[in-house]
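Chemist: What follows is a single structure, and I will ask about it in a moment.
Since every read-out is calculated from the coordinates, none of them should be taken as a lab result. Owing to the predicted nature of the structure, the values given are computational and were not obtained by experimental measurement. Neighbour counts are summed over all protein chains in view; Cβ atoms, including those assigned to glycine, are modelled from backbone coordinates with ideal geometry.
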Amino acid sequence: MNYQTARGTHDILPSEMAEWNEVESIMKHIAKAYHYQEIRTPYFEHLAVFKRENDSSDMVNKEMYAFSTETETLALRPEGTAGVIRAFDEHKLYGSMELPAKLFYLGAMFRHERPQKGRQRQFHQFGIENIGIKEPEVDAEVIALGYDIVKKLDIQNIKVLINTLGDDESRNAYRTALREYFTPHLDDLCGDCHRRLEQNPLRVLDCKVDKDKDYMKNAPKLADYLNEESKAYFERVLSALDALGIPYEIDDHLVRGLDYYSHTVFEVVSTRDDSAAQATIFGGGRYDHFVEYFGGPELSGIGFAIGLERLISLAKDEGYAFNNEDEVDAYVIGLGSVQKEVLKVMHELRKADLIVDGNLQMRSLKSQFKSADRAKAKAIIILGEDEVKANTVNIKWPTSKEQVTVSMEDIVKTIKEKNA
RNA sequence: GCGGCUGUGGUGAAGUUGGUUAACACUCUGGAUUGUGGCUCCAGCAUUCGUGGGUUCGAGUCCCAUCAGUCGCCCCA
């Protein structure tokens with residue numbers, strides 16, 4: 001029997017938690033600054049929430065953890081947006097919340113892919129959804145929020161890729177053109193592309209298998225099928241980004257894997273060489289019909305998701321200094337049979353809201369000092385049988401080596417004064 | 001899902017054409033030194049080389065399978 005984490009899953013160990021907590025707190029902080037509110041949806045939902053008709057994405061078609069009970073078919077969530085929109089509609093938040101509804105989420109996602117660096121089967125995403133208002137400036141604001149997070153972690157080597165898929169009219173016209181164009185080449189297209197041509201012809205352009213074929217290069221361009229409205233919308237998004245000082249690159253091949261997008265789509269990628277194949281830090285876009293799909297009104301929304309594992313690993317690579325907050329205000333050393341007294345002293349200090357550790361074994365003074373060092377104690381309290389008799393303790397501050405003897409009653413006061 | 005590479009203690013690793021006590025460094029544990037440590041010195045810490053089979057008189061070293069990681073593809077966060 002082999003007891004190890006399932007393939008593509010990972011324990012986050014105590015030594016790593018400080019980084020996670022810091023990154024999560026930065027993200028929550030920034031989300032708050034943009035006046036977003038947190039929402040938590042279940043880790044599994046009815047399969048149908050994720051697997052929607054006409055969805056050609058691999059994530060939904062090949063990578064989902066789906067399972068059945070006697071009465072229902074469920075799936076572990078592969079992404080956050082579907083659950084959030086489902087909740088938004090189910091609880092009719094469009095009626096009770098000010099629009100745009102500004103929501104953020106944080107949690108694990110599950111995809112059955114072959115693991116690699118920056119790609120796990122259980123991974124964590126922070127994401128936001130801004131639902132109900134369709135204005136180019138909102139799109140820019142959403143991108144700015146993600147950009148702020150990345151910048152806050154001192155990640156410099158990135159670029160923002162952006163594109164527009166246009167509105168329904170533009171995209172339909174373009175789809176028709178693509179189908180007409182590719183149908184004569186059908187025999188020459190790869191298997192995935194056959195499916196894509198049916199479900200979402202835009203993604204044929206994205207195909208890496210067929211990309212070098214001549215007819216690919218001469219394929220119709222989306223830009224030529226955008227109507228004036230869509231072009232104007234995109235222009236305003238770009239000019240808003242300019243106003244915010246966010247540099248970007250227009251990438252007309254950026255289509256993105258999820259089929260529900262329209263208008264603005266974007267992706268922020270690392271430009272570091274060591275980022276390997278998994279360079280995308282966050283990505284997202286606008287969706288026009290998602291809210292209706294789950295039974296709500298016709299509202300447009302926009303959102304993105306950030307991969308936490310990738311973000312943390314990049315922040316480290318880029319030299320971001322994480323705080324190590326595991327130090328202790330006081331460590332209590334006991335000499336002789338004083339365990340009970342040590343316990344009492346610790347108890348008093350903890351009641352006073354201090355972080356305290358101490359030694360409850362019979363151990364040599366030396367090894368106890370070692371433990372105190374390891375606990376990064378700001379103050380070391382030494383308590384022996386003599387002190388117990390005299391109702392005092394010795395307190396030593398390791399950095400200054402200063403030591404005082406105080407009465408039991410004054411420990412909390414002394415520690416608080418000296419540590420501050 | 002496809003192809004390549006890798007897998008030795010808590011960590012970084014050495015291990016020659018298979019040859020019998022698995023180097024070295026760090027960490028750790030104990031002691032020198034049960035009343036003031038972080039230096040120094042001494043001692044200890046892998047019946048075993050990811051796991052399971054096989055070849056062989058003999059396997060960490062060869063073969064097969066399997067698991068995991070990693071790189072590329074695909075996809076994406």
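Chemist: Which of the trypsin sites (Lys or Arg not before Pro) found in segment A:364-417 are in a DSSP loop and have at most 16 neighbouring Cβ atoms, other than their own, within 10 Å?
Modeler: Those that pass, being in a loop and sparsely packed, are A:Lys376, A:Lys401.
Chemist: I want to check the label-to-label distance for A:Glu402 and A:Ala18. Put each point 7 Å from Cα in the C-beta direction and report it in nm to one decimal.
Modeler: 2.5
Chemist: Checking the cross-link filter: which aspartates and glutamates have an alpha carbon closer than 13 Å to that of A:Lys151, excluding same-chain neighbours under 8 positions apart?
Modeler: Of all the aspartates and glutamates, those that pass the test against A:Lys151 - Cα under 13 Å, at least 8 places apart if same chain - are A:Glu318.
Chemist: Here's a follow-up. Which listed residue (A:Thr81, A:Val160, A:Leu354) has the Cα farthest towards the positive end of the charge dipole for chain A, taking +1 on Lys and Arg C-beta and -1 on Asp and Glu C-beta about the Cα centre?
Modeler: Positive-end residue among those listed: A:Leu354.
Chemist: Here's another thing I want to ask about it. Multiplying the sequence separation of A:Asp386 and A:Leu99 by 0.36 nm and subtracting their Cα-Cα distance, what value in nm do you get?
Modeler: My answer for the length gained is 96.5 nm.
Chemist: Where does the charge balance sit around A:Ser371 when Lys and Arg score +1, Asp and Glu -1, over other residues with C-beta under 13 Å from its C-beta?
Modeler: Neighbour charge sum, excluding A:Ser371 itself: +3.
Chemist: Hey, another quick one. Report, in deg cm²/dmol and to the nearest 500, the calculated mean residue ellipticity at 222 nm for chain A, where each DSSP H run with n ≥ 4 adds -39500 (n - 2.57) and the sum is divided by the residue count.
Modeler: The helix-only estimate for chain A comes to -11000 deg cm²/dmol at 222 nm.
Chemist: Describe numerically, in nm with one decimal, the distance between label points set 7 Å from Cα along Cα→Cβ at A:Glu169 and at A:His91.
Modeler: 3.7
Chemist: If you wrap segment A:1-156's Cα atoms in a convex hull and average its projection over all directions, what's the area in nm²?
Modeler: Its Cα hull, projected and averaged over all orientations, spans 12.6 nm².
Chemist: Right, here's the next one. Could you tell me which trypsin sites (Lys or Arg not before Pro) in segment A:116-182 are loop residues by DSSP with no more than 14 other beta carbons within 10 angstrom of their beta carbon?
Modeler: When the trypsin sites (Lys or Arg not before Pro) of segment A:116-182 are filtered for loop state and at most 14 Cβ neighbours within 10 Å, A:Lys117 remain.
Chemist: Report, to the nearest 10°, how far helix A:81-90 tilts away from the longest principal axis of the Cα atoms in chain A, using its own Cα long axis and a range of 0 to 90°.
Modeler: 90
Chemist: Follow-up question, since we're still on this one. By the gyration tensor of its Cα atoms, with a ≥ b ≥ c the square roots of the eigenvalues, what is the shape of segment A:330-419: rounded for a/c under 1.5, prolate for a/b over b/c, or oblate?
Modeler: Since a/c stays below 1.5, the shape of segment A:330-419 is classed as rounded.
Chemist: Moving on to the next point. Taking the 0 to 90 degree range and rounding to the nearest ten, how far is the long axis of helix A:136-152 tilted relative to the main principal axis of chain A, both from C-alpha atoms?
Modeler: The answer is roughly 40 degrees.
Chemist: Please compute the modelled spin-label separation between A:Glu318 and A:Lys32, points set 7 Å along Cα→Cβ, answer in nm with one decimal.
Modeler: Simple spin-label model gives 2.3 nm for this pair.
Chemist: Order by neighbour count: A:Glu45, A:Glu228, fewest other Cβ atoms within 10 Å first, most last.
Modeler: Listed from fewest to most nearby Cβ atoms, that is A:Glu228, A:Glu45.
Chemist: Only Cα pairs under 8 Å and at least 6 apart count here; give the relative contact order of segment A:30-88 as a rounded whole percent.
Modeler: Once normalised by length, the contact order is 38 percent.
Chemist: Moving on. Only Cα pairs under 8 Å and at least 6 apart count here; give the relative contact order of segment A:32-137 as a rounded whole percent.
Modeler: Worked out over segment A:32-137, it gives 28 percent.
Chemist: Once fully extended, how much extra length lies between A:Lys152 and A:Arg374, figured as 0.36 nm per residue of separation less the alpha-carbon to alpha-carbon distance?
Modeler: 76.9 nm
Chemist: Let me ask you something else. Let me know the charge dipole size of chain A about its Cα centre in debye, to the nearest 20, where only the beta-carbon of Lys, Arg (+1) and Asp, Glu (-1) is charged.
Modeler: So the magnitude is around 1580 debye.
Chemist: Relative contact order of chain A, please, whole-number percent, based on alpha carbon pairs below 8 angstrom and at least 6 residues apart.
Modeler: It rounds to 15 percent for chain A.
Chemist: For A:Ala352 and A:Asp274, what is the calculated FRET efficiency with R₀ set at 60 Å and r taken between the beta-carbons, to the nearest 0.05?
Modeler: Efficiency at R0 = 60 Å is approximately 0.80.
Chemist: Among A:Ser170, A:Ser262, A:Ser239, which one shows the highest mean-square fluctuation when chain A is modelled as a Gaussian network with alpha-carbon springs under 10 Å?
Modeler: Highest fluctuation among the options: A:Ser239.
Chemist: Which one, A:Pro42, A:Ala101, A:Val60, projects farthest toward the positive side of the charge dipole computed for segment A:1-104 from Cβ point charges (K/R +1, D/E -1)?
Modeler: A:Ala101
Chemist: Where the only charges are on Cβ atoms (+1 Lys, Arg; -1 Asp, Glu), what is the dipole of segment A:261-401 about its Cα centre, to the nearest 20 debye?
Modeler: Charge dipole of segment A:261-401: 960 debye, to the nearest 20.
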